[in-house]
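Novice: One structure, as structure tokens, below. Some questions next.
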Amino acid sequence: MSVRIKNLFLLAAVPLLITACSEPPEAPEPVRPIKAIEVGSLSNIQRRSFPGEAKAAMQADMSFRIGGDLISLPVNVGDKVKQGDLLARLDPQDHQNKFKAAQANLERARANLKRSESDYKRVLRIFKQDPGATSQADIDRKRQQRDQDKANIKSSSAELANMQNQLDYTYLKAPFSGKIVATYVENHESVRAKQNIVRLLDASSIEMVVHIPENLIKLVKYVEAVYVVFDAFPDTEIRATVKEVGTEASKTTRTYPVTLAMQPPEGVNILPGMAGKTVRSDFNLPESIKLDEGTVIPVSAVFNKGPDKSYVWVINRESGSKELASVALREITIGKLTDRGIRVTQGLKDGEWIASAGVNYLTENQKVRIIDANSGQTP
């Protein structure tokens, strides 16, 4: 090999050796997702937003109580029905035959009772006129027969009522007015008891379930109205009221489900499944609760270093970014524990964000990604 070729080979190998000997690039610092809340006085609760999803106030999968063969399915998906309209019908022949048999049994029982009642009265009359013409045992037998026939009347009447119910159960009728949104069977199929036949939905009244943090749930009873905006109609606020408050908190989010009810305005067709959120609330607070009583934060946001010092992690967003942020330790002065959380008298300002969970696992200047504890979304 010539000297010239060797020199070229060495020159080509130098960059490779330099690259191989250089240190590998440092891995980027991991970003920790954390739950957080915005600091604010109680008056800020009125502007808190909670996401939810629309659902019909009344919806039901309709089924027969008994099984049988379908002979009528007069509705299709999209049909509007009124309360009491026929949705489906089973073949009633067997039930009609049983109903007629039960009617005949009841008629026989009535005839038997009429005859045994007459026999009992006759022996009583004879015994009164001539005690020797009949015996007490004969009277007892006639009375027992009469009582048995009375019992047969009750049994036959119950059987007839049951057969009437079975016959009525061959009709599937709408329990409320609404729209057919699904059919699960075809006409002339054999269906089982409790098998879904059609799905009926009333979208004239809409509900939304939102999840409220445990430190705010006791204020829900003072809500007069909630205003909701759906993604499909961003310029329309719909007034809602609190319909129901859940009594058990989620074990993971520590939030309570609250059901809101609303009537969509004319021309705004809110469909089940549409996403939306609350945008503001009207409160009717008693005198015992003042709107300027200071900042209240969850107990889970506070941790101690030493017996007399309390701290929180304040979240510093980078240039207002919703994704990039870091945490900084800050000492605070705490006051009384309330039913909504712990009161902070010094150290925090309205509008700041603080970590609300996992505070013992954070470090100074650690990179984090904020997850709003109230909505589960990045604020």
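The values are calculated or read from the model by the stated rules, or taken from the named source; none is laboratory data. As the structure is a computational prediction, the values presented were derived from the model and not from experiment. Cβ placement follows ideal geometry from the backbone for every residue including glycine, while neighbour counts extend to all protein chains displayed. Areas reflect the complete protein model, heavy atoms only, side chains present, ligands, DNA and RNA absent. Shrake-Rupley method; radii C 1.70, N 1.55, O 1.52, S 1.80 Å.
Novice: Being without any contact (Cβ under 8 Å) to a residue 40 or more places away in the chain, surrounded by 14 or more Cβ atoms within 10 Å (Cβ to Cβ), acidic (Asp, Glu) and over 30 Å from residue 56 (Cβ atoms) is the requirement here; does residue 119 meet it?
Specialist: So residue 119 passes the test.
Novice: For residues that are outside any loop (DSSP other than H, G, I, E, B) and of a type in the set (Val, Ile, Thr), scanning just region 153-182, find the one that is farthest from the chain's Cα centre (by Cα).
Specialist: 153
Novice: So, one more: Write out, first by first residue and then by second, each pair whose Cβ atoms fall under 7 Å of each other, whose residues are 6+ apart or on separate chains, and whose first residue, in region 186-211, is within 22 Å of residue 270 (Cα to Cα) while the second is open to solvent by 30 Å² or more (accessible area, probe 1.4 Å) and among the aromatic types (Phe, Trp, Tyr).
Specialist: Within 7 Å, the pairs are 198/184; 211/256.
Novice: Any residue at all in region 259-281 that is more than 30 Å from residue 183 (Cα to Cα), small (Gly, Ala, Ser), open to solvent by less than 40 Å² (accessible area, probe 1.4 Å) and in contact with a helix residue (DSSP H, G or I) (Cβ under 8 Å, 6 or more places away or on another chain)?
Specialist: Among the residues of region 259-281, at least one is more than 30 Å from residue 183 (Cα to Cα), small (Gly, Ala, Ser), open to solvent by less than 40 Å² (accessible area, probe 1.4 Å) and in contact with a helix residue (DSSP H, G or I) (Cβ under 8 Å, 6 or more places away or on another chain), which makes the answer yes.
Novice: Hey, among the residues in region 98-152 that are among the hydroxyl-bearing types (Ser, Thr, Tyr) and outside any helix (DSSP H, G or I), which one's modelled with the highest pLDDT?
Specialist: Among those residues, the one meeting the criterion is 135.
Novice: Could I ask something else about it? Which count do you get for residues in region 216-250 that are in a loop (DSSP other than H, G, I, E, B) and open to solvent by less than 30 Å² (accessible area, probe 1.4 Å)?
Specialist: 3
Each row is one residue, and each column tells you yes or no for (1) more than 30 Å from residue 161 (Cβ to Cβ); (2) touching a residue at least 24 places away in the same chain (Cβ under 8 Å); (3) open to solvent by 80 Å² or more (accessible area, probe 1.4 Å).
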position	(1), (2), (3)
104	no, no, no
109	no, yes, no
114	no, no, yes
125	yes, no, yes
140	yes, no, no
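Novice: Conditions: (1) touching a helix residue (DSSP H, G or I) at 6+ places or on another chain (Cβ under 7 Å); (2) surrounded by 13 or more Cβ atoms within 10 Å (Cβ to Cβ). Residue 133 meets all but one. Number of the miss?
Specialist: (2)
Novice: Taking region 220-253, which residues are closer than 20 Å to residue 35 by Cβ and in contact (Cβ under 8 Å) with a residue 40 or more places away in the chain?
Specialist: Within region 220-253, just 253 meets the criteria.
Novice: Something else now. Assuming residue 377 fulfils every condition listed in (1) open to solvent by 40 Å² or more (accessible area, probe 1.4 Å); (2) at pLDDT 70 or above; (3) polar (S, T, N, Q) apart from one, which condition is it?
Specialist: Every condition holds for residue 377 apart from (2).
Novice: If you scan region 288-338, which residues turn out to be charged (D, E, K, R), under 19 Å from residue 368 (Cα atoms) and at pLDDT 90 or above?
Specialist: Answer for region 288-338, where residues must be charged (D, E, K, R), under 19 Å from residue 368 (Cα atoms) and at pLDDT 90 or above: just 330.
Novice: Evaluate region 357-368: report whether one residue or more is part of a loop (DSSP other than H, G, I, E, B), modelled with pLDDT under 85 and open to solvent by 60 Å² or more (accessible area, probe 1.4 Å).
Specialist: no
Novice: Starting from residues that are open to solvent by 30 Å² or more (accessible area, probe 1.4 Å) and in contact (Cβ under 8 Å) with a residue 24 or more places away in the chain, keep the ones in region 81-93 and report whichever is nearest to residue 196 (Cα to Cα).
Specialist: 89
Novice: Let me ask something else about it. How many residues are among the small types (Gly, Ala, Ser) and modelled with pLDDT under 95 if we restrict to region 162-181?
Specialist: Residues meeting the conditions: 2.
Novice: Turning to a different aspect of this structure: Is there any pair linking a residue in region 54-80 that is open to solvent by less than 30 Å² (accessible area, probe 1.4 Å) to one that is aromatic (Phe, Trp, Tyr), with Cβ under 7 Å and at least six apart or on different chains, and which?
Specialist: 54/230; 64/169; 66/169
Novice: Looking at region 153-179, I want the residues that are on the phi > 0 side of the Ramachandran plot and among the charged types (D, E, K, R) and have a partner that is open to solvent by 30 Å² or more (accessible area, probe 1.4 Å) and at pLDDT 95 or above with Cβ atoms under 6 Å, at least 6 apart or on another chain. Which pairs are those?
Specialist: That search, which allows pairs on different chains as well, returns nothing.
Novice: In region 51-72, what count of residues is obtained for those that are part of a loop (DSSP other than H, G, I, E, B) and within 30 Å of residue 274 (Cα to Cα)?
Specialist: 0
Novice: Mind listing just one residue for me: the one in region 192-214 that is touching a strand residue (DSSP E or B) at 6+ places or on another chain (Cβ under 6 Å) and open to solvent by 30 Å² or more (accessible area, probe 1.4 Å) and, of those, modelled with the lowest pLDDT?
Specialist: 203
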